[in-house]
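Report on the structure given below.
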Amino acid sequence: MEQSEEEKNAEELILKYNLYGGDSKGLYMLNTEFAGRVYSPPSLVLD
């Protein structure tokens with residue numbers, strides 16, 4: 001499930017990049033969105 005979520009997320013980011021491609025304001029907004037993302041490391045606890 002986690003992999004499919006990551007793939008969906010990647011597809012959405014690629015789509016946004018393609019939409020903003022030549023627009024500097026759009027790329028700035030996309031960059032701002034990326035900067036606001038927070039990395040959440042996976043849990044290493046095994047059940």
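The values are calculated or read from the model by the stated rules, or taken from the named source; none is laboratory data. None of the values given here were measured: they were computed from a predicted structure. Here the Cβ positions follow ideal geometry from the backbone for every residue, glycine too, while neighbour counts run over all protein chains shown.
Kindly provide the set of residues from the stretch 1-22 that are modelled with pLDDT under 80, under 15 Å from the mean Cα position of the chain (by Cα) and not charged (D, E, K, R), ordered by number. Let's see the steps before the verdict.
Of all residues in the stretch 1-22, those modelled with pLDDT under 80 come to 1-3, 21-22.
Those still in the list that are under 15 Å from the mean Cα position of the chain (by Cα) too: 2-3.
GLN3 - this is the single residue of the stretch 1-22 that is modelled with pLDDT under 80, under 15 Å from the mean Cα position of the chain (by Cα) and not charged (D, E, K, R).
If we scan the stretch 23-43, do we find a residue that is at pLDDT below 85 and in contact with a Leu (Cβ under 6 Å, 6 or more places away or on another chain)?
So far as the stretch 23-43 goes, no, none of its residues is at pLDDT below 85 and in contact with a Leu (Cβ under 6 Å, 6 or more places away or on another chain).
Pairs only if they're at least six apart or on different chains, beta carbon under 7 angstrom, first in the stretch 1-24 and assigned to a helix (DSSP H, G or I), second exposed (fewer than 10 other Cβ atoms within 10 Å of the Cβ); list them, first residue then second.
none
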